[in-house]
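One structure below.
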């Protein structure tokens, strides 16, 4: 009986450890994705401050990116899943 209880507890602990390992891997993946997003945002900052989103004829900086171009910047930064992307 004690052996069975010990076996059950060991199985539960192994299951908890496997779940924890999965959570840690996902956390590392998310941290890497956030880092890529931060880089992409930092790269886009000069364009955003230059008038991104304004009508192309009224933008103070003709080189500023449009919101439709932001997705391309994220993809080039290695962020493959963009929220709301079709």
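None of the figures in this text is laboratory data; all of them are computed from the coordinates on show. Predicted, not measured: the structure shown is a model, and the values here were computed from it. Note that we place each Cβ from the backbone using ideal geometry, even for glycine, and neighbour counts take in every protein chain shown.
For 74, 37, 27, what's the fewest-to-most ordering of other Cβ within 10 Å of each Cβ?
The order, fewest Cβ neighbours first, is 27, 37, 74.
If I stretch the segment between residue 38 and residue 8 completely, what's the gain in nm (0.36 nm per residue apart, minus their alpha carbon distance), one decimal?
6.3 nm
Can you tell me the FRET efficiency between residue 28 and residue 72 if r is taken as the Cβ-Cβ distance and R0 is 35 Å, rounded to the nearest 0.05?
Efficiency at R0 = 35 Å is approximately 0.85.
Using the 10 angstrom Cβ neighbour count as an exposure proxy, how do 43, 21 rank, fewest first?
Result, fewest neighbours first: 21, 43.
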